[in-house]
Amino acid sequence: MAAIYSLYIINKSGGLIYYKDYGSAGRMDTNDSLRVASLWHSMHAISQQLSPVSGCLGIELLQADTFDLHCFQSLTGTKFFVVCEPGAQHMENLLKFVYELYTDYVLKNPFYEMEMPIRCELFDINLTQAVQKDRVAFLGR
Amino acid sequence: MIGVGKIKQYGNVLDKPLTKGKQEVSLSAFAFLFSELVQYNQTQVDNIGELERRLEDAGYAVGARVLELLCHRDKGNRRETRLLGILSFVHSTVWKVLFGKVADSLEKGTEHEDEYMISEKELLVNKFISIPKDMGTFNCGAFVAGIVRGVLDGAGFPAVVTAHFVPMEGQQRPRTTILIKFAEEVHCH
């Protein structure tokens, strides 16, 4: 089964609003996760300009030796990306599912301030259920 | 004119029949509207107690109107005079119309004579809401408590209605109880 190392959500200005790590590989402290988030935000923006193909919306997949990084950008500029083991399947569907959870349990929460770090219990509970290793395969719909 | 069907024109809007209307409304649309209601009230108050009261008052207005509508539509303009009758009306008919299902349970309080409880695993209005830790026992279900109070008041059964979270063993999320405490004059059998 696909192993996810960590999940990041960054707001449209590049600030990290949610970080969750799921394995010992790739675990980071707060400062490092903030750095990765702003680094990825900048790289994503630059890649839009550098692309040889017009109409490019930014990097969707980064493949390296020891990990894959899948990124999904919503129409509003919020980016969801997941660092997982190489060759992991159904990550795009997982990211879209996380986006659905975000629109439900974060955006419909009256106590959530836009662009601020996410502190919503329901979001955490549902995300944990979605990411359990043996469930990821079923999200491929 | 060719093709124009016969549409009965009503001179007075009050003569038009009261239709069943759309049975369903988008849950997301309601969730956003309710979220905005809560956020707006948060800006107007200084403390949580006041916020609860404001939500309750908003619900009270809904309850009063729902009672009138349902009495006309579903009960044939008959007035409910028994306590258990009005409680089961709230528990079944009102819940069905507002939330699409009957409430999970209706119980009589064990400690006091005039207390009743309607319980739900998760109130529809709370479906997407996570209360921050620093808000303590605040429950947006105060809106629903207000609706119940509006219905009961309009029907002639004044009561104090509040919404509470009741933690359940083995469940991550607490269930919600609407506690109804009837006024003195109601409980004279």
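Each residue in segment A:90-109 was checked for being crowded, with 20+ Cβ neighbours inside 10 Å and without any contact (Cβ under 8 Å) to a residue 12 or more places away in the chain, and 1 of them qualify.
Residues are listed down the side, and each one gets a yes or a no for (1) more than 11 Å from the chain's Cα centre (by Cα); (2) within 14 Å of another protein chain (Cβ to nearest Cβ); (3) modelled with pLDDT of 90 or more; (4) more than 18 Å from A:G14 (Cα to Cα):
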{"site": "A:D68", "(1), (2), (3), (4)": "yes, no, yes, yes"}
{"site": "A:C71", "(1), (2), (3), (4)": "no, no, yes, no"}
{"site": "A:T76", "(1), (2), (3), (4)": "yes, no, yes, no"}
{"site": "A:A88", "(1), (2), (3), (4)": "yes, no, no, yes"}
{"site": "A:E100", "(1), (2), (3), (4)": "yes, yes, yes, yes"}
{"site": "A:E115", "(1), (2), (3), (4)": "yes, no, yes, no"}
{"site": "A:A130", "(1), (2), (3), (4)": "yes, no, no, yes"}
{"site": "A:K133", "(1), (2), (3), (4)": "yes, no, no, yes"}
{"site": "A:R141", "(1), (2), (3), (4)": "yes, no, no, yes"}
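Scanning segment B:22-81 for residues that are within 14 Å of chain A (Cβ to nearest Cβ), more than 18 Å from B:A145 (Cβ to Cβ) and aliphatic (A, V, I, L, M) returns B:L27, B:A29, B:A31, B:L33. Suppose the filter is crowded, with 16+ Cβ neighbours inside 10 Å and farther than 18 Å from A:P117 by Cα; does A:I9 pass it? Here the answer is no, as A:I9 does not meet what is asked. Selection of segment A:12-25 for residues being crowded, with 16+ Cβ neighbours inside 10 Å and modelled with pLDDT under 90 yields A:D21, A:Y22. Residues in segment B:71-103 that are within 15 Å of B:Y116 (Cβ to Cβ) and outside any helix (DSSP H, G or I): B:E80, B:R82, B:A103. What's the total number of residues in segment A:70-89 that are surrounded by fewer than 17 Cβ atoms within 10 Å (Cβ to Cβ) and either part of a strand (DSSP E or B) or not charged (D, E, K, R) (or both)? Matching residues across segment A:70-89 total 7.
Listed conditions (1) closer than 20 Å to A:A37 by Cα; (2) surrounded by fewer than 16 Cβ atoms within 10 Å (Cβ to Cβ) are all met by A:V53, apart from (1). Of all the residues in segment B:7-47, those that are surrounded by 10 or more Cβ atoms within 10 Å (Cβ to Cβ) and at pLDDT 90 or above number 16. For A:S24, the conditions (1) free of Cβ contacts under 8 Å to residues at least 12 places away in the same chain; (2) part of a helix (DSSP H, G or I); (3) over 29 Å from B:F128 (Cβ atoms) are fulfilled apart from (2). Residues in segment B:149-168 that are out of contact with any helix residue (DSSP H, G or I) (no Cβ under 6 Å at 6 or more places or on another chain) and part of a helix (DSSP H, G or I): B:L152, B:D153.
Among the residues of segment A:27-54, those identified as over 21 Å from A:L94 (Cβ atoms), in a loop (DSSP other than H, G, I, E, B) and not charged (D, E, K, R) are A:S51, A:P52, A:V53, A:S54. Reported count of residues in segment B:39-52, each being over 15 Å from A:P110 (Cα atoms) and either touching a residue at least 40 places away in the same chain (Cβ under 8 Å) or in contact with a strand residue (DSSP E or B) (Cβ under 6 Å, 6 or more places away or on another chain) (or both), is 0. Pairs needed: first member in segment B:125-146, more than 12 Å from chain A (Cβ to nearest Cβ); second member anywhere, part of a helix (DSSP H, G or I) and acidic (D, E); C-beta distance under 6 Å; at least 6 residues apart or different chains. Short answer, once both residue conditions are applied: B:A142/B:E52; B:A142/B:E56; B:A145/B:E56; B:G146/B:E56.
The values are calculated or read from the model by the stated rules, or taken from the named source; none is laboratory data. A quick note: this is a predicted structure, and the numbers were derived from the prediction, not measured. In this analysis, Cβ positions are derived from the backbone assuming ideal geometry, glycine residues included, and neighbour counts consider all displayed protein chains.
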